[in-house]
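Comments concern the structure below.
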Amino acid sequence: MMIEESDPSGQRSVLLVDLNNFARYPTLPIGYLAAVLRRANYAVTVFAPLMVGVQGVTREPRPHRFSLVAAKLNYRVATSSRDWVRRWRDRAAAKRLSGISSHEAQVLAAVKAEIAIAKPQAVLISTYLMYRDTCAQICLACKERGIPVVIGGPYFAQLDVIEEWVRLPGLSALVAGEVELRLPTILETLLAKNDPSTHAGVVTTDAHGRPRGGIAPPLQGLDSVPYPDYSDFPWSAYPNRIVPVITGRGCGWGVCTFCSDVTSTAGRTYRSRSPQNVLSELAAHHRRFGVSRFVFTDLKLNSNIEMWRSIIGGMQDTVAGSRWIAAVHAGTEADNGLSESSLRAAAKSGCVRLTTGLETGSQRIADSMKKGTRLETISAFLHGTAQAGISARCTMILGHPGETADDVEASVEFLARHRSVIERVSLNRLHLVTGTALHRAVKRKPEKFKGFTIVHENAGMAHVEHRHDVVHTASHRRAAMRLLTEVHRINSRELSVNAREFEGVM
Ligand code: B12
Ligand code: SF4
């Protein structure tokens, strides 16, 4: 069946499908895309799984009675020396992680119903790599109806990932880059049945199925992007009214070995908006939706210290009574705006939680990760947050190349010493991601990574399966178990009252 182009006024119509199912607040890129398209007079319908009753993915739920046993068992299976045990566990974990796969049929049926009702001239999907199956099904459904489909998302910035996606049957074009300001023109080309890969950042396939087109360079001049439009999101489905805001794209540091944020579509190189532009966006969301709770999704909000200070200085005048959370790069030697007095000022401006990448309690490993941090400076930061009344959350990584049982013991010891000043820890086994500095280094000089080998690369998921011999040793495993216990002890505590509205947000 073909759906005919419909609107007699000549207005173009698109359906924007948001597969990233967040339980707590609207999705930032969807807001941007909707705003840009509406400004260009497109009729935009947004579909998000939460709108049809599919439960969003809740991050970092509070531990329950059996969480520690489950975490230890999971770790034991994930680091089994038997390949088949690990593979079985990875498959099960991938299913659980997506949190949407169990709802795939419901999402697909709802998207198809939405297509039938909205009769869009094009379907645009924003996706994480893990929703590939759902994307493939939507492409097929659109192909049957003769509707072009464009896919974009945060990890289409590398050729090997793009190659694995661009041939999906029914897909008209894959977007590789921050093309939002040019999206209306790209769609005009597509809807005129011309090849959109003539536009930078749009990839299609040629007659032989080879990719055609390339990745767009990072977008400059961020102030020219309109404020995101979150009017389509199901506000009543969220526990609190929280708005995501991004003040700059990329990270001012940008060199940590394992980091896949700085190899993502919008993470490549650091670019900042102007403080005035950001503060006036906050005011606009407040006027429109009555919100006074904000999450800054910047990789590090203190990448641009002027921005950090302007937010602290301007927040309460812009939205009285507001509260906000963010991630920061703490522990650096240069001034990073995180002195005790700055943290007190941040708390006064409504900051209730800060996340930082602790990653490890071993200085040696932090150095080999190129974190650019000193543990004693992170320690001072953590004490500073506690004194200011800001809830501190730390991310940590287990299993970086070169890590020994002693390094893990150092992490246990660091956490134990800072138990009273850290409110949440997000501990993850090293996830080696396609295109990161670490992945490239292991490929380039495998001899430098003794006992750390690549087993299999899944470019479509940007996932690199690796083997790390040390994690199978009894001493490393014992230390890891102690680390899990220490993390559990911290995470089991009640959050401080101020930060509770943001539990599970970041
Ligand atoms: C903030 C954030 C979150 C927030 C959500 C924010 C929100 N509600 O909007 C929270 C904390 C909830 C979150 C959760 C998760 N996240 Co996240 N997140 C981020 C982060 C740090 C910033 C996102 C952001 O604001 N980007 C800025 C916007 C402007 O960029 P963008 O999303 O890429 O969109 C631009 C372009 O890509 C393009 N675009 C995007 N979609 C489309 C669609 C079309 C049709 C077109 C034309 C263009 C287009 O236009 C946009 C404007 O330029 C990124 C890192 C990063 N650098 O992006 C990770 C990132 C996106 N997250 C990631 C992951 C893995 C997760 C989790 C799975 C983590 C976990 N294990 O729990 C969960 C997933 C939950 C789920 N799927 O339901 C990965 C995704 C990688 C992948 N495989 O695709 C990233 C890249 C981090 C990483 N390096 O691994 N995340
Ligand atoms: S400081 Fe954070 S965002 Fe920046 S490169 Fe390191 S891990 Fe990535």
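The values are calculated or read from the model by the stated rules, or taken from the named source; none is laboratory data. It should be emphasised that the depicted structure is a prediction, and the values quoted were computed from it without experimental measurement. Ideal geometry is used to build each Cβ from the backbone, glycine not excepted, and the neighbour counts take in all protein chains shown. Note: areas computed on protein heavy atoms with side chains; ligands, DNA, RNA excluded. Shrake-Rupley method; radii C 1.70, N 1.55, O 1.52, S 1.80 Å.
Data for the structure
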quantity: Filter pass, G321 being open to solvent by less than 30 Å² (accessible area, probe 1.4 Å), in the same structural domain as H418 (by TED's automatic domain parsing), small (G, A, S) and not in a helix (DSSP H, G or I); calculated: no
quantity: Qualifying residues in the range 14-25 (those that are within 6 Å of ligand 1 (Cβ to nearest atom) and not in a strand (DSSP E or B)) - the one surrounded by the most Cβ atoms within 10 Å (Cβ to Cβ); calculated: Y25
quantity: Within the range 81-111, tally of residues that are surrounded by fewer than 16 Cβ atoms within 10 Å (Cβ to Cβ) and either modelled with pLDDT of 80 or more or over 20 Å from A48 (Cβ atoms) (or both); calculated: 17
quantity: Complete set of residues in the range 364-379 that are touching a residue at least 24 places away in the same chain (Cβ under 8 Å), in contact with a helix residue (DSSP H, G or I) (Cβ under 9 Å, 6 or more places away or on another chain) and not in a loop (DSSP other than H, G, I, E, B); calculated: R364, I365, L375, I378, S379
quantity: Every residue from the range 394-408 that is in contact with an Asp or Glu (Cβ under 6 Å, 6 or more places away or on another chain) and buried (at least 19 other Cβ atoms within 10 Å of the Cβ); calculated: I397
quantity: Flag if S272 is within 14 Å of ligand 1 (Cβ to nearest atom), among the small types (G, A, S) and open to solvent by 40 Å² or more (accessible area, probe 1.4 Å); calculated: yes
quantity: Positions within the range 27-52 being in a loop (DSSP other than H, G, I, E, B) and touching a helix residue (DSSP H, G or I) at 6+ places or on another chain (Cβ under 8 Å), in sequence order; calculated: A40, Y42, A48
quantity: Helices (runs of 4 or more DSSP H) wholly inside the range 124-233 that include at least 3 residues being open to solvent by 50 Å² or more (accessible area, probe 1.4 Å), at pLDDT below 95 and aliphatic (A, V, I, L, M); calculated: none
quantity: Within the range 250-262, considering residues that are open to solvent by less than 20 Å² (accessible area, probe 1.4 Å) and more than 10 Å from G357 (Cβ to Cβ), the one nearest to ligand 1 (Cβ to nearest atom); calculated: G250
quantity: Residue selected from the range 409-462 under the condition of a type outside the set (G, A, S) and in contact with an Asp or Glu (Cβ under 6 Å, 6 or more places away or on another chain), by the criterion surrounded by the most Cβ atoms within 10 Å (Cβ to Cβ); calculated: L415
quantity: Where a residue in the range 54-77 is in contact (Cβ under 8 Å) with a residue 60 or more places away in the chain and its partner, wherever it lies, is within 16 Å of ligand 2 (Cβ to nearest atom), with Cβ under 7 Å and at least six apart; calculated: E60/S426
quantity: Among the residues listed as T189, T263, T205, T257, the single one being in the same structural domain as K443 (by TED's automatic domain parsing) and in contact with a strand residue (DSSP E or B) (Cβ under 9 Å, 6 or more places away or on another chain); calculated: T263
quantity: Residue identified as farther than 30 Å from F289 by Cβ, in contact with a Ser or Thr (Cβ under 6 Å, 6 or more places away or on another chain) and away from ligand 2 (no atom under 16 Å from the Cβ) among R82, R76, R65, R86; calculated: R86
quantity: All positions within the range 396-413 that are touching a Leu at 6+ places or on another chain (Cβ under 8 Å) and within 17 Å of V487 (Cβ to Cβ); calculated: M396, I397, L398, G399, H400, V408, S411, V412
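So that you can scan it fast, the table gives a plain yes or no per residue for (1) more than 23 Å from the chain's Cα centre (by Cα); (2) more than 27 Å from Q55 (Cα to Cα); (3) not assigned by TED's automatic domain parsing to the domain that holds S260:
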position: L73; (1), (2), (3): yes, no, yes
position: R76; (1), (2), (3): yes, yes, yes
position: E144; (1), (2), (3): yes, yes, yes
position: Y155; (1), (2), (3): no, no, yes
position: G170; (1), (2), (3): yes, yes, yes
